[in-house]
Structures are given as C-alpha cells and as structure tokens.
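Everything below concerns the one structure shown next.
The values are calculated or read from the model by the stated rules, or taken from the named source; none is laboratory data. All figures in this text were calculated on a predicted structure; none of them were measured in a lab. Positions of Cβ are generated from backbone atoms using ideal geometry, with glycine treated the same way; all protein chains shown enter the neighbour counts. To get the accessible areas, we keep the full protein, side chains included, count just its heavy atoms, and leave off ligands, DNA and RNA. Shrake-Rupley method; radii C 1.70, N 1.55, O 1.52, S 1.80 Å.
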Amino acid sequence: MNPVVDYLRISLIDRCNFRCLYCMPEEAELEYLQRPELLTSAELLTLLRDVLIPCGFTRFRLTGGEPLVRSDVVEIVRAIAAFPETQDLSMTTNGFRLAEMAQDLYTAGLRRINISLDSLEPETFDRIIGSRGRSRWQQVWTGIQAAHSVGFTPLKLNVVVIPGVNDHEVLELAALSIEREWHVRFIEFMPIGNHDLFGQKGWIDSETLRQQIRERWGLTEAQVKGNGPADVFRIPNAKGTLGFISQMSECFCDRCNRMRLSADGWLRPCLLNETGQLDLKTALRSGMPLIDLRAKVQALLDAKPEINFKMRDSGTTGAYSRTMSQIGG
Ligand code: SAM
Ligand code: SF4
C-alpha cells in the first residue's frame, strides 16, 4: 500500500550564509531568487491553510537554503504552529544563527530541529562550509548547545560523509549519541550540487559506516517513529541513536510520504523527478480560485506513487542541475 503523503518540506529561502562543498558548486555563482520571486509569508500561510492542509498535509519541515536567514522566520513558525491541523513542525538548519534564535523559535512553537554538523574539527568544518575568514565551528557548536538547553527534542545532527574529507571522524561523530539524547544521522553524499567533488571523491555507503561503528561498540536496531527515510540504530546503552539515510545505496521511493514546496512556490512531488510540479505562486497571484488549486494539488497527490526518484538509473532530470539549497533539502 502507498504511504499517506502528509509531510511537506517547505523551503523558506534559497540563499545561505554557508557554501558547503557538497551542496554548492565551488566556483560558479549561483543564481539566487530575487525577493519578489519568493513567496511572501502571507502567501505561504494562505497556501498552507486553504490549499495544502485541506489536501491532507499536517506535518511540516522548514528548510532552505538556510531558513534562519529569512527575517520573518519566527513569525512563520508561530503561524504554522498555531494551525490546529499541524501535527508536527520541525526545521533543518546549519545552526549558525541558533545561539541567538533558539529560544524565540521554541517559544514560537518549533519543537524539533535538525542541525547540520559535518565535522568536530574546526578546520575541517570551515573547509566544508567554505568559510574563508574566522572559524564558524564554535558558533555552530554554541547554537547546538543552545537548542539543547531550550528543550528541543529530539535534537538531530546531520552529517554528510565525504571520502577523504570527514570520513575519518565517523566514530567521533557517532559517539555524540552515547552520553546525550542526540540523534546523529549519516547521509550518503548525493551527486547534487557539486558534481565535480562527487566525481573526485565518490561516496561511502551506510553499511560501510555501520560496520566501522559495529566493530567499535556494537550496534542494535532501534525502533523509532519518525517522518523520515532513516534506518535507525543504537550503540548499546547509548542515550541517543544513529540514523542512516541511504538514498544512494537503497531506493526508498515506496516509503515516500513527502512533497516539497520551494521558496518560489513550486510544489514538487519528488526531490529528483519534477513530473507534474505545480507553480502555486503564479496560480495564487493570478487569482486562480482556491478550490481549483486544491483540485490540482489533489491530482498531483494521486499521481505521486508513479513519480519516482530512481536517481541511479534515471539519467538527467531538470532537478539535477539544481543544488539542494535551491530544491529545498
Ligand atoms: N541549510 C540547512 C542545513 O544545511 O541543514 C538546510 C538546507 S540543506 C540543503 C538540507 C540538507 O541537505 C542538509 O542536511 C545537507 O547536509 C543536505 N545536503 C545538501 N547537499 C547534499 C548532497 N549533495 N548530498 C547529500 N546531502 C546533501
Ligand atoms: Fe547552506 Fe545547508 Fe547547503 Fe550548507 S547544506 S550550503 S548550510 S543550504
């Protein structure tokens, strides 16, 4: 049976204050959306309340680009958290602005947060995020502590493992789950964003990482309920868990419960297959009746089981030329 599609990843902005080497091309300038092209918060909330929630979406993740560089992010969180239908509201962030914003986000109603942390070594971290000036590692680490202190649970840390860059830190990063109730998630590096780097370095499959961890501490499967595609394990007696997101080595299209709304209002049924995508912003701005918009979204939901990822054998789709920051990762 096809899973219910009730989870929407909402990109608030395509811009970012980092330039991670796995996410963006090293040299080329990215073309960012201009402000008038972005959905305003009022448009976003109208689409949610009058179109997407009535079509069954009840669980939302705010992402980007970097969601915390959008100036009205706290108001957006507050409004989405206040919809009676909202069952879950979470965010994926690089954590750079969390030290100053964690409390406001929590007070506004955000309860779950995923923070990208690809390295515990400041030098490696700065190399990954493309920081040329002062190190940014400490600021992100302080942001993680702030999120922990204000009560975000579960607190998840996302790691993209790149051979020869941060793969030597897998055990140290996994160890963060032992003493604290933190969930460390290892994501297989995908050929999106920086194709040159992918070509040079390749990727490491989740099972290879699990084997390293198993040899060091042992590893048991953990039963964890979540929205996502992660396979979840635990180091024996650890407080937190280890998640593995294996979109390169496994196909989890048959478990897919999500769609994506880009910062400029495109509703996309799949990360890498844009068949049927809907330009909700243009439809809304041109005055299309909301009932017609709902019918279009419902038709896309009905078609979704046939719109697949299959990235390893699908060749090039339009999405390949976009970065994760542009698609809304
Ligand atoms: N800026 C936020 C952050 O970095 O957490 C949110 C947006 S970012 C695009 C969302 C996620 O996409 C991050 O966890 C990032 O590691 C992941 N990502 C970006 N490019 C990727 C790639 N080529 N392969 C695998 N994951 C990638
Ligand atoms: Fe920015 Fe996130 Fe992409 Fe890094 S992964 S460049 S923090 S959008």
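Annotations for the structure displayed:
- Lone qualifier among GLN223, GLN247 - being in contact with a Pro (Cβ under 9 Å, 6 or more places away or on another chain) and outside any helix (DSSP H, G or I): GLN247
- Any hit, the range 175-184, residues being touching a helix residue (DSSP H, G or I) at 6+ places or on another chain (Cβ under 9 Å), under 22 Å from ARG19 (Cβ atoms) and of a type in the set (Val, Ile, Thr): no
- Residue check for LEU68: modelled with pLDDT of 95 or more and more than 10 Å from ligand 1 (Cβ to nearest atom): no
- The residues of the range 199-209 that are of a type in the set (S, T, N, Q) and either open to solvent by 20 Å² or more (accessible area, probe 1.4 Å) or farther than 30 Å from GLY151 by Cα (or both), listed by number, are GLN200, THR208.
- Sole exception among (1) surrounded by fewer than 19 Cβ atoms within 10 Å (Cβ to Cβ); (2) at positive phi for GLU221, by number: (2)
- Top-ranked residue in the range 92-104 [being outside any helix (DSSP H, G or I) and out of contact with any Phe, Trp or Tyr (no Cβ under 9 Å at 6 or more places or on another chain); ranked as least open to solvent (accessible area, probe 1.4 Å)]: THR93
- Residue check, LEU68 closer than 20 Å to VAL159 by Cβ and either within 16 Å of ligand 2 (Cβ to nearest atom) or open to solvent by 10 Å² or more (accessible area, probe 1.4 Å) (or both): yes
- Residue satisfying all of: in the range 105-131; open to solvent by 10 Å² or more (accessible area, probe 1.4 Å) and within 14 Å of ligand 2 (Cβ to nearest atom); farthest from ALA81 (Cα to Cα) among these: ARG127
- For LYS296, the conditions (1) among the basic types (Lys, Arg); (2) in a loop (DSSP other than H, G, I, E, B); (3) without any contact (Cβ under 8 Å) to a residue 24 or more places away in the chain all hold with the exception of (2).
- Residues that are among the polar types (S, T, N, Q), more than 17 Å from the chain's Cα centre (by Cα) and on the phi > 0 side of the Ramachandran plot do not occur anywhere in the range 242-251.
- Residues being assigned to a loop (DSSP other than H, G, I, E, B) and either free of Cβ contacts under 8 Å to residues at least 12 places away in the same chain or open to solvent by less than 10 Å² (accessible area, probe 1.4 Å) (or both) - total across the range 74-91: 1
- Qualifying residues in the range 10-30 (those that are more than 9 Å from ligand 2 (Cβ to nearest atom) and in a loop (DSSP other than H, G, I, E, B)) - the one least open to solvent (accessible area, probe 1.4 Å): LEU12
- Residue match in the range 31-45 (condition: within 16 Å of ligand 2 (Cβ to nearest atom) and touching a residue at least 40 places away in the same chain (Cβ under 8 Å)): yes
- Lone qualifier among GLY95, GLY56, GLY143, GLY151 - being closer than 17 Å to HIS183 by Cβ, away from ligand 2 (no atom under 16 Å from the Cβ) and of a type in the set (Gly, Ala, Ser): GLY151
- The set of residues in the range 123-165 that are modelled with pLDDT of 95 or more and either over 22 Å from MET91 (Cβ atoms) or hydroxyl-bearing (Ser, Thr, Tyr) (or both) comprises GLU123, THR124, ASP126, ARG127, THR142, SER149, VAL161, ILE162, PRO163, GLY164, VAL165.
- When the range 130-162 is filtered for residues that are over 16 Å from LEU68 (Cα atoms), within 14 Å of ligand 1 (Cβ to nearest atom) and either in a helix (DSSP H, G or I) or among the basic types (Lys, Arg) (or both), only LYS156 remains.
- Residue list for the range 176-198, filter: over 19 Å from ALA147 (Cα atoms), at pLDDT 90 or above and open to solvent by 30 Å² or more (accessible area, probe 1.4 Å): ILE187, PHE198
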